[in-house]
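Visitor: Provided herewith is a single structure, encoded as structure tokens, for subsequent inquiry.
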Amino acid sequence: MFQELFDTYDWEEVKQSIYAKTAKDVQLALQKNKRTLEDFKALISPAALPFLEQMARLSHRLTQKRFGKTIQLYIPLYLSNECQNICTYCGFSYDNKLTRKTLSSFEIMQEVEYLKQQGFEHVLLVTGETNKTVGVDYIKKAITLLKPHFANISMEVQPLEENEYKELVGAGLHAVLVYQETYHKEDYKVHHTKGKKSNFDFRLATPDRLGKANIHKIGLGVLIGLEDWRTDNFFTALHMSYLEKTYWQTKYSISFPRLRPAEGLIEPKVVMNDKELVQLICAWRIFNEEAELSMSTRENEKFRDHIIQLGITSMSAGSKTNPGGYVTNIESLEQFEIDDARSPSEIVQMIERKGYKAVWKDWEAFA
Ligand code: SF4
């Protein structure tokens, strides 16, 4: 289990070792063919900032070598904003006063009709965390409804048990995103004060349970802004390296969500600027040539247009972050504000203008 490896590391020691990396360490990391976790530390360190152009060129080259000139498209489908957890950064937090809503089967199908009209084949199901209304039975029913209409169904919902994941994989689930939010255990407690999500260790062990359940793809990441992003990303890289060795048949993806405004939200403790986000994305690609690097509509148009050529391989488009946000409940409160509000067809045009191909479907399970 990753927990055993994680417990051998000390946050402060890791942080200090990242900030102690020098220009020479960065140059060495850039020259190698295969990079270690120590190289990754150098690439995300402040010492790497003057090498950003070189990193961007290398990241561009490695991405094209493995993925060609393609960008996968997906869309989130928010099924529910009901949640029993208190998370300080989220609009759906239990202590936020808002009208709670869970989509019925009829409403799900209304949303599906809209998403299909837009051309989507990959849908990401999102719910808050509450067993009463959006437990395994509800999610399984939703997957069963969606299966005939989408080639690829992912989800970002509460962490489940291994046997529950197996059940959902059997129903047609392709991938699960489970962000640790922060690997800083004490800070994690500050931001997750109530509910099941307050259990740091249970969340940390979730990718292990997913790997054992033979899920096709696992998505990792942290919420950038809660803690030092460099240290948090080192732990994400440590986690992914462990998973790749242990569950080698599974694919992996990384996301880079920066804290966005939401109802009742906290201010970020650490602000990451655009240049640093480019550095982080390039560092990930140089460290790991195989991983899917994903970018949501949290980021603005200009940044998303620019980042396409620097390592990103998957993007959401035309997203709404409220249940029923596409058709049935347009005015409900969003989980967080999106910044790139362009329609899916506008995103496709932008991707094509860059000389890339927008991919709606790259995978489908045998029936
Ligand atoms: S982040 Fe997830 S668990 Fe936390 S309040 Fe929001 S929906 Fe609930």
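FYI, it's all coordinate maths here, none of it is from the lab. All figures in this text were calculated on a predicted structure; none of them were measured in a lab. When we count neighbours, we look across all protein chains shown, and the Cβ atoms used for this are built from the backbone with ideal geometry, even at glycine.
Visitor: Can you find a residue in region 191-206 that is closer than 28 Å to residue 113 by Cβ, within 16 Å of the ligand (Cβ to nearest atom) and crowded, with 17+ Cβ neighbours inside 10 Å?
Guide: no
Visitor: If you don't mind, there's one more thing I want to ask. Can you pull out the helices (runs of 4 or more DSSP H) entirely within region 79-176 that have at least 1 residues that are more than 16 Å from the ligand (Cβ to nearest atom)?
Guide: 105-118, 136-146, 162-171
Visitor: Is it true that residue 186 is under 27 Å from residue 259 (Cα atoms), away from the ligand (no atom under 16 Å from the Cβ) and either in a helix (DSSP H, G or I) or more than 21 Å from the chain's Cα centre (by Cα) (or both)?
Guide: yes
Visitor: If residue 285 meets every condition in (1) surrounded by fewer than 20 Cβ atoms within 10 Å (Cβ to Cβ); (2) within 17 Å of the chain's Cα centre (by Cα) apart from one, which number is that one?
Guide: The one condition residue 285 does not meet is (1).
Visitor: Do we find that residue 187 is crowded, with 17+ Cβ neighbours inside 10 Å and over 30 Å from residue 122 (Cα atoms) in this structure?
Guide: In short, yes.
Visitor: Separate question: Taking helices (runs of 4 or more DSSP H) that fall entirely within region 1-76, which contain at least 2 residues that are within 30 Å of residue 201 (Cα to Cα) and of a type in the set (A, V, I, L, M, F, W, C)?
Guide: 2-6, 11-19, 37-44
Visitor: Another question, if that's okay. Looking at region 119-145, I want the residues that are without any contact (Cβ under 8 Å) to a residue 24 or more places away in the chain and have a partner that is of a type in the set (Phe, Trp, Tyr) and within 14 Å of the ligand (Cβ to nearest atom) with Cβ atoms under 6 Å, at least 6 apart or on another chain. Which pairs are those?
Guide: none
Visitor: I've got another one for you. Which one of the conditions (1) within 22 Å of residue 74 (Cβ to Cβ); (2) touching a residue at least 40 places away in the same chain (Cβ under 8 Å); (3) crowded, with 22+ Cβ neighbours inside 10 Å does residue 292 fail to meet, given that it meets all the rest?
Guide: Condition (3) is where residue 292 drops out.
Visitor: Given the structure, is residue 25 farther than 30 Å from residue 349 by Cα, free of Cβ contacts under 8 Å to residues at least 24 places away in the same chain and more than 25 Å from the chain's Cα centre (by Cα)?
Guide: Yes: the conditions hold for residue 25.
Visitor: Can you pull out the residues in region 150-159 that are over 13 Å from residue 219 (Cβ atoms) and surrounded by 22 or more Cβ atoms within 10 Å (Cβ to Cβ)?
Guide: 150, 153, 158 - these are the residues of region 150-159 that are over 13 Å from residue 219 (Cβ atoms) and surrounded by 22 or more Cβ atoms within 10 Å (Cβ to Cβ).
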